[in-house]
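These notes are about the structure you will find just below.
What follows draws every value from the coordinates through simple rules; no lab data is involved. These figures come from a predicted structure and were not determined experimentally. Cβ atoms come from the backbone with ideal geometry, glycine included; neighbour counts cover every protein chain shown.
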Amino acid sequence: MITAAQTLGYDLTDHRGVALTPELLAWADSVLAMDQAVFEQLHQRADPADRPKIRLYLTGGDVPDPWGKDAADFADCATLIDRGASQHLP
């Protein structure tokens, strides 16, 4: 994903994923799930007050996970994420 993001002008070399804790969810303004399965898992784990913060990244579809696939799949995923970003940014 680092290479795919670089072709779009993003530097992900320092990015590290973390597990979502109750404290992190309470701190966050918004949590974006890339697919319906993750959305449902997060929603089940969250306190009722924090559930409205959890949304799907794309309306009407999932962002496919490119893990274990080729560079073209990573590039397609990065492009899809890039195009969807405008839904979440001011």
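In the range 29-76, how many residues are surrounded by fewer than 12 Cβ atoms within 10 Å (Cβ to Cβ), under 24 Å from T3 (Cβ atoms) and of a type in the set (A, V, I, L, M)?
Kept after step one, since they are surrounded by fewer than 12 Cβ atoms within 10 Å (Cβ to Cβ), are these residues of the range 29-76: 29-30, 36-37, 44, 47-49, 52, 59-60, 67-68, 70-72.
Adding the requirement that they be under 24 Å from T3 (Cβ atoms) leaves 67-68, 70-72.
Now restrict to residues that are of a type in the set (A, V, I, L, M): 71-72.
Adding up the residues that qualify gives 2.
Looking only at the range 77-90, how many residues end up being of a type in the set (V, I, T) and either over 19 Å from Q6 (Cα atoms) or part of a loop (DSSP other than H, G, I, E, B) (or both)?
0
Restricting to the range 1-17, count the residues that are in contact with a Leu (Cβ under 7 Å, 6 or more places away or on another chain) and over 21 Å from G68 (Cβ atoms).
0
Consider T7 carefully, then state whether it is among the polar types (S, T, N, Q) and surrounded by 11 or more Cβ atoms within 10 Å (Cβ to Cβ).
When the stated conditions are applied, T7 passes them.
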